[in-house]
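Shown next, in structure tokens, is the structure this report addresses.
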Amino acid sequence: MLELKRAFTKEMLVWSQLKEHPGIAKFLGFYADFQRAEAWLLSPWEPNGNISEFIEAHNLEVPEKLSLVYDTIDALAFLHQLDPPVCHGDIKSPNVLVGADYKARLCDFGLACLYEDSGFKRLETLTGFKGSIRWCSPEIIDGAPRGPTSDVYAWAWLVWEVRTFIVLWMALDSSLIFTNCRL
């Protein structure tokens with residue numbers, strides 16, 4: 001229960017403090033009933049689902065795909081340039097929603113980290129491995145803290161997925177990927 005409270009509070013604080021940006025899903029509010037282990041962060045409904053669902057449903061051409069990719073890197077640059085900077089920490093296709101305006105928006109700030117300004121020094125430490133292994137950089141798998149470079153690495157795999165519609169190591173179990181990457 002305590003872990004749920006901490007994770008929920010952290011995500012709510014990071015996301016709610018982000019300034020309005022067209023590439024970031026808007027934070028509307030929250031609901032929490034920790035006695036029942038229920039906690040929800042509220043954002044506007046995005047009718048087109050995530051970026052992979054949208055591309056699959058609409059059979060997009062390269063220029064349209066690139067437009068969505070540009071939306072995501074613009075949002076990521078915005079996060080990294082904040083004071084203090086924010087590392088998203090979990091860039092992947094399910095965490096990129098497409099709005100009614102056909103613009104991509106980052107969501108799910110559950111692994112986001114606030115950093116002290118110039119050195120991107122981590123203000124808090126996550127314990128154990130968290131995140132989506134298929135999009136993680138090698139240094140994250142080796143236990144290093146998340147940072148701007150790990151966001152950019154994950155973004156590059158997002159671009160690959162958007163361009164090719166192939167999810168890296170999709171046929172492999174996550175634990176097998178993790179074990180083989182650590183060898």
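General remarks:
- Listed cross-link partners Lys10/Lys65; Lys5/Lys103; Lys19/Lys92 are compared with a 27 Å cut-off, the Cα-Cα value being larger for Lys10/Lys65; Lys5/Lys103.
- Shape class of the stretch 17-115 from the Cα gyration tensor (axes a ≥ b ≥ c, square roots of the eigenvalues): oblate, since a/c reaches 1.5 or more and a/b does not exceed b/c.
- Under the criterion of Cα pairs below 8 Å and six or more residues apart, the relative contact order for the stretch 1-52 equals 30 percent.
- GluC sites (Glu not before Pro) lying in DSSP loop within the stretch 4-98, provided at most 14 other Cβ fall within 10 Å: Glu20, Glu61
- Length released on extending from Leu4 to Thr164, taking residue separation times 0.36 nm less the Cα-Cα span: 54.0 nm
- If R0 equals 22 Å, the separation of the Cβ atoms of Val62 and Asp101 corresponds to a calculated FRET efficiency of about 0.65.
- In the stretch 1-89, the trypsin sites (Lys or Arg not before Pro) that fall in loop regions by DSSP, at most 12 other Cβ within 10 Å: Lys19
Read the figures in this text as sums done on the coordinates, not as results from a lab. Not measured: the values here are computed from a predicted model. Please note: Cβ atoms are built from the backbone with ideal geometry, for glycine as well, and neighbour counts cover all protein chains shown.
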